[in-house]
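Encoded as structure tokens, the structure appears first; notes follow it.
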């Protein structure tokens, strides 16, 4: 297949050619990978080009980038190496145009000599924390890259505070300042709580920040360029049984509950929040000093499970992707829908993930379970089904949006339906409200960047 870029892709390629340090804030499904491959294919003809380092989530480096290189006839000449696994050092020593690295291997990489001088960070929102060790280490080596590119569809999942480190990776502090402390003081104000400080954005600061970074980034919105089918959001509200609700209220208000003969003692607001989310889903871990996979869970109710069953029955065999969070959520779903159900989450190898994705997209999997943390980025699932059930809600906006956009993206052929199972009068309502509030904040950022781009063009 020959890559024939759409007008917006051609504009993005030109933008990245003109700017040595640039960001592409593009919705999933708009072909960010193909855009960068085209750019790399262009620069590989230059004598000063010594290779590109792509840093991306593990599943993305094993499935998305190799698949895109193989898909397009114009990119088949690009040599790539995956720097992961026991033979990663040999892969690093082999000549290639593109080296694919997962973020966790950054520390290993910088212990060795390496050839590339172009940096591409796919899903740069994974580098939003200025305190993270990977960001601190990468900052020390930025000078070694002649070109730096960041890619993401969710640049500010929580607030514009998330932008600082990502923009620093482009311009080393020229736009937003060399120190995050100065950035905070200029655009945010502190609210002191008992054990921590929360930084809130000053009125109008988002507009100033957007204007300052707009010359560095290009925003591409799927609504403007893709003729996507409609998307429907369906809220399925369930009532917890009286006994389960009493347990929930005890946990929520008193941080303590007696469930049967098992005492549940909660030591902090964070653990109470976590416990409330579990009870809303139907089970609760026993307070044993073991890992999550080893811990047993108490059955509280099956209200959400029954609602998921009803949705699956109504779909009458149509494929459905179900989002889970806790390990006991996964076990509940196994027990209800079948222990052999395929899932994408912790413990599933990259090779197995590719097999599952291929089977899903060919219509061979009626029910697929997925953890948002594991499949929030990179995977193309739009050919296998059009329904998503959020059995376990997430309060991570980035994972929420990205998970939905595994299906609602270019190539989807029918109406997409997002079903949220919400336990009435529980923390689920607050989680949905937080998601909506954060989404508005990020939308303002993305719209401002897009408007600036329109005025510039």
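The values are calculated or read from the model by the stated rules, or taken from the named source; none is laboratory data. Everything numeric here is computed off the predicted structure, so don't read it as measured data. Backbone-built Cβ (ideal geometry, glycine too); neighbour counts: all protein chains shown.
Observations on the structure shown:
- Residue 202 passes every criterion in (1) at pLDDT 90 or above; (2) surrounded by 14 or more Cβ atoms within 10 Å (Cβ to Cβ); (3) farther than 30 Å from residue 310 by Cβ; (4) touching a strand residue (DSSP E or B) at 6+ places or on another chain (Cβ under 7 Å) apart from (2).
- The single condition from (1) touching a residue at least 60 places away in the same chain (Cβ under 8 Å); (2) in a helix (DSSP H, G or I) that residue 151 fails is (2).
- Answer residue from segment 165-195, given it is within 12 Å of residue 139 (Cβ to Cβ) and either at pLDDT below 95 or out of contact with any strand residue (DSSP E or B) (no Cβ under 9 Å at 6 or more places or on another chain) (or both) and is surrounded by the fewest Cβ atoms within 10 Å (Cβ to Cβ) among those: 178
- Residue match in segment 59-67 (condition: assigned to a helix (DSSP H, G or I), in contact with a helix residue (DSSP H, G or I) (Cβ under 6 Å, 6 or more places away or on another chain), farther than 26 Å from residue 225 by Cβ and assigned by TED's automatic domain parsing to the domain that holds residue 221): yes
- Answer from 418, 422, 389, 407 - the residue that is buried (at least 22 other Cβ atoms within 10 Å of the Cβ) and assigned to a strand (DSSP E or B): 389
- When residues of segment 140-156 are limited to those that are modelled with pLDDT of 95 or more and under 22 Å from the mean Cα position of the chain (by Cα), the one nearest to residue 404 (Cα to Cα): 151
- Scanning segment 28-47 for residues that are in contact with a helix residue (DSSP H, G or I) (Cβ under 8 Å, 6 or more places away or on another chain) and in a loop (DSSP other than H, G, I, E, B) yields 28, 29, 30, 31.
- Residue check for residue 125: under 28 Å from residue 179 (Cβ atoms) and assigned to a loop (DSSP other than H, G, I, E, B): no
- Search result, residues across segment 80-120 that are part of a loop (DSSP other than H, G, I, E, B), surrounded by 12 or more Cβ atoms within 10 Å (Cβ to Cβ) and under 27 Å from the mean Cα position of the chain (by Cα): 83, 84, 97, 110, 116, 117
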